[in-house]
Amino acid sequence: MRVAIYPGTFDPVTNGHLDILKRASLLFNKVIVAIAIDNEKESLFKIEERKKFMEAVVKDIPNVEVESFDGLLMHFVQKKKAHAIIRGLRAVSDFEYEFQLALMNKKLEKNVETIFLMTSSEYAFLSSTIIKQVVSLNGNINGLVPEIVEIALKKKFNWEKA
Ligand code: ADP
């Protein structure tokens, strides 16, 4: 039973995240999405909402589970007896930080591999941050996030969903 953890803040989940997740679910017996409760970052959506969106969008993928975690990722990975951490890579700019993180995680737990999946070209520009910026200015994000997220974002910024 090969288990992978896909960690992130997912504030909120985008179609870019979902694409990585679907592809990872084909490579492992089980993928656990680990949503960081995160005290450092100011998140737009509370952990309960981020988890609710994620659960709604993965409900049709049978080998994907959603959990939240606090503290060190590697402690969560050990607790779940996972074999790998999944990360998505977009531009070169992602690489330096991800490389550092992967090496540190390897130092913390040498038996766990970090697996990088390249973004699909249609989502290469997508991040939760840019989505929030565009919605805050009433821009169209149709097709870039799941519908449940689009509705919640428009409500959050007081734009009615047409
Ligand atoms: P963090 O808060 O750690 O930056 P995110 O929640 O933003 O994490 O993203 C979680 C993971 O998904 C990261 O590995 C990130 O690189 C990846 N990711 C985010 N957006 C995309 C995308 N459009 N295409 C591929 N991977 C992505």
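A few comments on the model shown:
- The residue that is nearest to Val66 (Cα to Cα), among those in segment 1-32 that are among the basic types (Lys, Arg) and in a helix (DSSP H, G or I), is Lys22.
- Residue selected from segment 33-54 under the condition surrounded by 20 or more Cβ atoms within 10 Å (Cβ to Cβ) and in a helix (DSSP H, G or I), by the criterion farthest from the ligand (Cβ to nearest atom): Phe53
- On inspection, Thr14 does not qualify as among the hydroxyl-bearing types (Ser, Thr, Tyr), within 14 Å of the ligand (Cβ to nearest atom) and under 21 Å from Val77 (Cα atoms).
- Scanning segment 123-136 for residues that are among the aromatic types (Phe, Trp, Tyr) and either more than 10 Å from the ligand (Cβ to nearest atom) or surrounded by 16 or more Cβ atoms within 10 Å (Cβ to Cβ) (or both) returns a single hit, Tyr123.
- For Asp94, the conditions (1) closer than 21 Å to Leu27 by Cβ; (2) touching a residue at least 12 places away in the same chain (Cβ under 8 Å) are fulfilled apart from (2).
- Count of residues meeting criterion [in a helix (DSSP H, G or I) and among the polar types (S, T, N, Q)] in segment 89-140: 8
- Qualifying residue in segment 66-88 (condition: hydroxyl-bearing (Ser, Thr, Tyr), within 13 Å of the ligand (Cβ to nearest atom) and surrounded by 14 or more Cβ atoms within 10 Å (Cβ to Cβ)): yes
- Criterion applied to Asn111, Asn105 was being surrounded by 15 or more Cβ atoms within 10 Å (Cβ to Cβ) and either closer than 25 Å to Arg87 by Cβ or at pLDDT 95 or above (or both), and the one residue passing it is Asn105.
- Verdict on Gly139 being touching a residue at least 40 places away in the same chain (Cβ under 8 Å), exposed (fewer than 15 other Cβ atoms within 10 Å of the Cβ) and of a type outside the set (Ser, Thr, Tyr): no
- Annotation: Ser120 fulfils all but one of (1) surrounded by 14 or more Cβ atoms within 10 Å (Cβ to Cβ); (2) within 14 Å of the chain's Cα centre (by Cα); the unmet one is (2).
- Qualifying residue in segment 79-101 (condition: touching a Leu at 6+ places or on another chain (Cβ under 6 Å) and not aliphatic (A, V, I, L, M)): yes
The values are calculated or read from the model by the stated rules, or taken from the named source; none is laboratory data. What you see is a predicted model, and the numbers here were worked out from it, not measured in a lab. Glycine also receives a Cβ, built like all others from the backbone with ideal geometry; neighbour counts cover every protein chain displayed.
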